[in-house]
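Each value in this text was obtained by applying a stated rule to the coordinates, not by laboratory testing. Values in this document were obtained by computation on a predicted structure and should not be read as measured data. Quick reminder, even Gly has a Cβ in these numbers, built from the backbone with ideal geometry, and neighbours come from all protein chains shown.
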Amino acid sequence: MLTRALDIADTALAAPTPEAASEGFFAALSDIGASYLQTRLYRRPVVSLTSEAHYAAGGIVRRIAPETWRLGTPAFDYVCFENNPLLEAIRGGLTRYRFSDFAPRHDADFGAYWEAMSEAGIGDAVCATSYGRHRTIASLHLGFHDHELAPDDAMAVQLAGLMLTERLMTFAAPPGADEIRLTDRERDALSWVAEGKSDWEISVILGLSETTVRFHVDNARRKLGAVNRTQAVARLVAARLL
């Protein structure tokens, strides 16, 4: 999984600007049907998180979408302002999810939602969100024509998406590599997390107890300022330390 994710994110991680990073990421996924991209780098509103406040926060880095999918068109306005279930993901501090996780395709209440999405050629979308200091948020919405991604592709794209949003974060406040000091064990444990290994599998590989593995992974996550393991991996990769 890590190798595939790095292949997807490689151009974005080396890009000199946030716009170039976004465009390179989208181009890397054209072979599996990417149809829409929006990246943002903004501060979470201090006021109540409503659809209007979230959109007004601005910070759009790059949008790649049909001309018919923009502010002022009925479908776009409906999805963004009238029926936007994705705010729950931000309120919950989630780092990766799909549109369909919050708008189930089989739920009649979201029939109009998916009809509107189809106008932009979006069968489903993978989202990645990084949370930084001072309410800074970097986000990616990546739409696909097909709503059924292969499981391995979906996992790799989500991890790569977090690598992109962590890269976008560096343009807001470039982190000094010397600020991140992990022990060898912490780095080893996190590198196996990146490969999709469970705590038990990592304990066997490293010859440690599961409790010790969890201790090292959690220490690494805390030092990296990540909200979960996946963001910790992405943050380490974006800093070119993994």
Original post:
Any idea what angle helix 229-238 forms with the longest principal axis of the chain, computed on alpha-carbon atoms, 0 to 90 degrees, nearest 10?
Top reply: 90
**OP:** Please give the calculated 222 nm ellipticity per residue for the chain, where each DSSP H segment of at least 4 residues contributes -39500 (n - 2.57) and the sum is spread over every residue; nearest 500 deg cm²/dmol?
**Re:** -14000 deg cm²/dmol
Subject >> Positive-end extreme of charge dipole, the chain - chosen from Thr50, Leu241, Thr129 (charges on Cβ) >> reply: Leu241
Original post:
Which one of Ser22, Ser100, Ser209 has the biggest mean-square fluctuation once the chain is modelled by GNM with Cα springs under 10 Å?
Top reply: Ser209
